[in-house]
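Encoded as structure tokens, the structure appears first; notes follow it.
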Amino acid sequence: GFVRIWNVQLKRMVNEFELPSTVWDVEYNHKGNYLAAHSNETIYVFDLNANSILYKLKGHKNHVNGMSFSLDDSLLTSYAKNEIIIWDIYSGTMLTQMNDGGNVQNVKFSYDGKYIVSTSMDSNIDASNECNTIRVWDVNSGKCVQELNGHTATVYFTAFSPDGKKIISASWDHTIKI
């Protein structure tokens, strides 16, 4: 697979990186000098100023579903099936690994970088029902500090308010909860 960077104004490709298999997602950091891409279980972090791969982050046992940078760009979170990993973007090391218990759909950092919020589809005892759980995690300890329930269908989006006091969630049950 390829990661291609395009200049929209010039209408042309300005850079290209080749990876060993299909690229499923890409994410710029907030400063625009790093780019993360995932291919199967591996995350590649590119230094765009040096036009090179900075790190190959390995630690997931399953296909990575997505990634998100912290607002200060020091951390990257990645999620795969029931796994959430927090990476130090400057050293390329795994800081924390969490087991969500469900199929993680989305992970976002709080504005201060101290917490992440995850959404997952958790199969309960009756396989015909799903609990659609929102969890708040402490980034440093890797511990779940709060669980929020209430949606009756898949929660596909969450975000912290800028002050970190509220979480907004959107679900296939046609509701938005704050």
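Miscellaneous remarks
- Summarising the amide proton neighbourhood of Asn40: residues at separation of 5 or more, or on other chains, whose placed amide H is nearer than 5 Å comprise Trp24, Val64.
- Extending 7 Å from Cα along the Cβ direction at Asp72 and again at Met121 yields two label points whose distance is 3.6 nm.
- Peptide ranges 89-102, 31-44, 4-17 listed from the most packed, as the mean C-beta count within 10 angstrom indicates: 31-44, 89-102, 4-17
- Pair Phe2, Asp163: separation of 7 Å Cα→Cβ label points (nm): 4.9 nm
- Our coupling estimate for segment 19-26, obtained by passing each phi through the Karplus curve with A = 6.51, B = -1.76, C = 1.60 and θ = phi - 60°, is 10, x, 8, 3, 8, 9, 6, 9 Hz, Gly and Pro reported as x.
- Residues whose placed amide H lies under 5 Å from that of Val139, excluding near-sequence neighbours: Tyr115, Ile116
- ³J(HN,Hα) computed for each position of segment 138-153 - Karplus, 6.51 cos²θ - 1.76 cosθ + 1.60, integer Hz, glycine/proline x: 7, 5, 5, 8, x, 9, 6, 9, 6, 10, 10, 10, x, 6, 9, 8
- Nitroxide proxy distance, nm - points 7 Å out along Cα→Cβ at Glu18 and Asn149: 5.1 nm
- Range of Cα positions in the chain per principal axis (Å), largest first: 49, 35, 33
- Taking amide H as placed 1.01 Å from N in the peptide plane, Ala80 has its amide H under 5 Å from the amide H of Asn65, each at least 5 places away in sequence or on another chain.
- Phi angles of segment 166-178 translate, via the Karplus equation with coefficients 6.51, -1.76, 1.60 and θ = phi - 60°, into HN-Hα couplings of 9, 10, 9, 9, 10, 9, 5, 7, 6, 10, 10, 10, 10 Hz per residue; Gly and Pro are given as x.
- Links that overshoot a 22 Å alpha carbon limit, given the list Lys108/Lys177; Lys114/Lys166; Lys11/Lys56; Lys81/Lys108: Lys11/Lys56
We did not get these values from a lab; they are worked out from the coordinates using the rules stated. Here the structure is a predicted model, which is why all the values come from computation and not from measurement. We place every Cβ from the backbone using ideal geometry, glycine too, and count neighbours over all the protein chains shown.
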